[in-house]
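The values are calculated or read from the model by the stated rules, or taken from the named source; none is laboratory data. Owing to the predicted nature of the structure, the values given are computational and were not obtained by experimental measurement. Here the Cβ positions follow ideal geometry from the backbone for every residue, glycine too, while neighbour counts run over all protein chains shown.
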Amino acid sequence: MRAGTGARLFGITALVLGFSFLYLPIVLLVISSFNASKLTMVWAGFSTRWYGELFRDKQILTAVWVSLRIAFWTASAATVIGTMAAIAMTRFRHFPGRTLFGLLVTAPLVMPEVILGLSVLLMLVSASAIFGTPSKGMVAIWIAHVTLTVSIVTVVMTARLSDLDRSLEEAAMDLGANRLRVFFWVTLPLIAPSLISSWLLAFTLSLDDVVVASFLTGPDSTTLPVKVFASVRRGISPMINALATLMILLVSLAAAIGGWLMIRRDKQLRRDARILLRSESN
């Protein structure tokens, strides 16, 4: 009994310490965002002044809009390209160069972001010398972020497509549907949760990137992480704490909505399974 009580106490202590290590800094950051003082370590009373300062800062708002646009188009392009690559890897297993193709698709996963950002910058500088295209800016960051995230989408979608029941697609084709209709009416609904997850993952990684974007940021294309990093180097401002608090709130709401949708979908699947069992028993 004593050994069991000691093990249980140790487990609870480790759990509390682990969650405190993970979430206590976030709690302190949220509290600091309501500090009336400019000094983060000096509490001068509760105030929401820094949220007002945040929404009046045009540079921060511009950086937020730039980051959201880049992240949206990055996630969309990476999801399409990664899904096509995953289909090629799972449905066409013996085409020439398949091994090399797989290595090239997944190479950005193990490549340092410094090398990726520098290589894209050098490529765009060379293209600028030949074609006169800009070497920095939103398009440059978008290209680098797609290169960075497409490999992650490919891995996720390859795992999903490998576990997909092919008999459903074969049954649809036996009923007269062509491959295009089978993809849109059978395959796409089945892989939709993985597509949404891949899109959100690519969106988050693009929105969070600092290293690659720092190589390719132009005068009018400063992303939010780069702006925040530059601001923090001059000292932690309560306005940055307010920005981080709002981002935490948005992410928490998105996670809560996603969890609610997953729970609702699981309940619907269980309800359908019970109805099917009743119909078969009758």
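Please tell me if Ile31 is at pLDDT 85 or above, surrounded by fewer than 17 Cβ atoms within 10 Å (Cβ to Cβ) and either more than 26 Å from the chain's Cα centre (by Cα) or not polar (S, T, N, Q) (or both). So Ile31 fits the description; yes. For region 108-121, the set of residues classified as farther than 20 Å from Val226 by Cα and free of Cβ contacts under 8 Å to residues at least 12 places away in the same chain consists of Val110, Met111, listed by residue number. Put simply, of Pro134, Pro193 the only residue that is in contact with a helix residue (DSSP H, G or I) (Cβ under 9 Å, 6 or more places away or on another chain), farther than 20 Å from Trp65 by Cα and outside any helix (DSSP H, G or I) is Pro134. Among the conditions (1) in a helix (DSSP H, G or I); (2) free of Cβ contacts under 8 Å to residues at least 40 places away in the same chain, Gly176 misses just one, which is (1). Among the residues of region 221-269, the one identified as surrounded by 11 or more Cβ atoms within 10 Å (Cβ to Cβ), among the hydroxyl-bearing types (Ser, Thr, Tyr), in a helix (DSSP H, G or I) and within 19 Å of the chain's Cα centre (by Cα) is Thr245. Take the conditions (1) without any contact (Cβ under 8 Å) to a residue 40 or more places away in the chain; (2) surrounded by 16 or more Cβ atoms within 10 Å (Cβ to Cβ); (3) within 28 Å of Gly82 (Cβ to Cβ); Phe184 misses just one of them, which is (2).
Given the structure, is Asp272 among the acidic types (Asp, Glu), more than 27 Å from Ile81 (Cβ to Cβ), within 24 Å of the chain's Cα centre (by Cα) and part of a helix (DSSP H, G or I)? Against the criterion (among the acidic types (Asp, Glu), more than 27 Å from Ile81 (Cβ to Cβ), within 24 Å of the chain's Cα centre (by Cα) and part of a helix (DSSP H, G or I)), Asp272 does not qualify.
Here Ala3 meets each of (1) at pLDDT 85 or above; (2) hydrophobic (A, V, I, L, M, F, W, C); (3) out of contact with any Ser or Thr (no Cβ under 8 Å at 6 or more places or on another chain) with one exception, condition (1). Limited to region 1-42, what total is found for residues that are of a type outside the set (A, V, I, L, M, F, W, C) and not in a helix (DSSP H, G or I)? Adding up the residues that qualify gives 5.
Selection of first residues in region 23-43 that are farther than 12 Å from Ala242 by Cβ and of second residues that are in a helix (DSSP H, G or I) and small (Gly, Ala, Ser), restricted to Cβ pairs under 9 Å at least 6 apart or on distinct chains, gives the following pairs, ordered by first then second residue: Ile26/Ala244; Met41/Ser32; Trp43/Ser32.
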